[in-house]
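First the structure, in the form of structure tokens, and then the observations on it.
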Amino acid sequence: MLKIIALAALALGLASCSKLGSGEYFPLNEGMQWRYTLDYVMPDGKKKEELIIRAVGHQSFKNEEDEIQGMVRQTSDGTDYFVQERDDGFYRVAKRVIVQTKPQADKSARLILPKGKKLRVGHTWTLDTSPYVMHWMPPFNEANASIKPFDLVYEVASLDDTVETPAGVFEKCIRLEATGKMVFYADASAGYQEILINHSEWYAPGVGLVKLQRDEPLDTSIMKGGKVTMLLSSFSE
């Protein structure tokens with residue numbers, strides 16, 4: 001899992017996105033590294049973690065049908081994500097978790113961030129996702145080990161946000177807003193409950209993701225939700 005660091009490097013403390021680079025909002029250059037702090041606020045407590053993402057370069061693998069290629073981003077928990085830059089956006093096309101010996105291609109390419117004509121306020125798309133915070137409580141977690149995926153509808157909400165993080169103040173940021181509904185069976189008396197999920201992401205030019213927020217509001221005896229905020233604490237090219 002992820003671990004936490006609370007401080008960013010002093011050299012980046014007052015930097016703006018223009019000083020850290022320019023160009024695309026999802027850079028893939030080999031050798032780049034992003035360090036994030038994650039703050040979780042949940043009904044049953046708070047916790048902090050750290051996530052490091054490294055761009056490790058171009059890789060390819062063969063599946064049953066063809067060869068999959070992409071620029072790989074590797075997380076500190078041992079997960080590899082294969083990303084392709086296309087004319088209309090950046091897409092995740094495959095993933096390998098630490099227990100897998102070979103990457104697994106996504107059923108269809110997953111849009112991370114649009115570009116070109118699609119990078120406009122109001123552009124929308126839908127992706128399935130899993131909860132970031134929501135979890136079963138004992139003893140229900142033994143019978144319900146996982147929570148079913150649900151859809152989020154993403155929208156480009158702004159192209160000119162300013163975001164303050166431990167790594168600096170970033171201007172001209174893209175903000176994505178996403179909403180979705182998760183339905184779960186609480187118990188015989190309460191029946192099914194519908195939970196509204198809110199998700200936001202901010203991308204700075206030349207840097208990439210600088211902030212993320214996910215709100216999964218739920219507090220029952222069998223399942224807990226909460227909120228997580230992810231902030232860039234340092235960045236190196």
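The values are calculated or read from the model by the stated rules, or taken from the named source; none is laboratory data. Here the structure is a predicted model, which means the values were calculated and not measured. With ideal geometry, Cβ positions are generated from the backbone for all residues, glycine too; neighbour counts draw on all protein chains shown. Surface areas here come from the heavy atoms of the whole protein model, side chains and all, with no ligands, DNA or RNA. Shrake-Rupley method; radii C 1.70, N 1.55, O 1.52, S 1.80 Å.
For region 195-204, the set of residues classified as touching a residue at least 24 places away in the same chain (Cβ under 8 Å) and open to solvent by 20 Å² or more (accessible area, probe 1.4 Å) consists of 202 only.
Consider residue 101 carefully, then state whether it is in a loop (DSSP other than H, G, I, E, B), surrounded by fewer than 15 Cβ atoms within 10 Å (Cβ to Cβ) and among the hydroxyl-bearing types (Ser, Thr, Tyr). Steps first, answer last, please.
Values: in a loop (DSSP other than H, G, I, E, B): yes; surrounded by fewer than 15 Cβ atoms within 10 Å (Cβ to Cβ): yes; among the hydroxyl-bearing types (Ser, Thr, Tyr): yes.
Yes, satisfied.
Within the group 117, 107, 102, 181, which residue is over 26 Å from residue 226 (Cα atoms) and within 20 Å of the chain's Cα centre (by Cα)?
Values: 117 fails: within 20 Å of the chain's Cα centre (by Cα); 102 fails: within 20 Å of the chain's Cα centre (by Cα); 181 fails: over 26 Å from residue 226 (Cα atoms).
On inspection, the qualifying residue turns out to be 107.
Exactly one residue out of 192, 132, 185 is open to solvent by 30 Å² or more (accessible area, probe 1.4 Å), modelled with pLDDT under 95 and within 21 Å of residue 50 (Cβ to Cβ), and it is 132.
Could you list all residues from region 31-48 that are in contact with a Leu (Cβ under 9 Å, 6 or more places away or on another chain), farther than 13 Å from residue 208 by Cβ and at pLDDT 95 or above? Before you say what the answer is, go through the steps one by one.
First, the residues of region 31-48 that are in contact with a Leu (Cβ under 9 Å, 6 or more places away or on another chain): 34-39, 43, 47-48.
With the extra rule that they be farther than 13 Å from residue 208 by Cβ, the set shrinks to 37-39, 43, 47-48.
The answer is 37, 38, 39, 48.
Look at (1) open to solvent by 70 Å² or more (accessible area, probe 1.4 Å); (2) farther than 28 Å from residue 218 by Cβ; (3) touching a residue at least 60 places away in the same chain (Cβ under 8 Å) and you find that residue 167 fails only one, number (1). The C-beta contact set for region 213-237 (first residue under 12 Å from residue 198 (Cα atoms), second residue part of a strand (DSSP E or B) and aromatic (Phe, Trp, Tyr), distance under 6 angstrom, 6+ apart or interchain) comprises 228/40. Taking region 51-83 as the range and being surrounded by fewer than 16 Cβ atoms within 10 Å (Cβ to Cβ), among the charged types (D, E, K, R) and part of a strand (DSSP E or B) as the test, the residues that pass are 62, 67. Out of 20, 113, 12, 28, report the one residue that is open to solvent by less than 50 Å² (accessible area, probe 1.4 Å) and at pLDDT 95 or above. Going through 20, 113, 12, 28 in turn, the sole match is 113. Considering only region 202-227, state which residues are touching a strand residue (DSSP E or B) at 6+ places or on another chain (Cβ under 7 Å) and at positive phi. Scanning region 202-227 gives 208, 226. If you go through region 84-98 and keep only what is open to solvent by less than 60 Å² (accessible area, probe 1.4 Å) and either free of Cβ contacts under 8 Å to residues at least 24 places away in the same chain or closer than 13 Å to residue 27 by Cα (or both), you end up with 84, 89, 90, 91, 92, 96, 97.
If you take just the strands (runs of 3 or more DSSP E) that sit entirely in region 150-221, which of them hold at least 1 residues that are hydroxyl-bearing (Ser, Thr, Tyr)?
150-165, 168-187, 191-204
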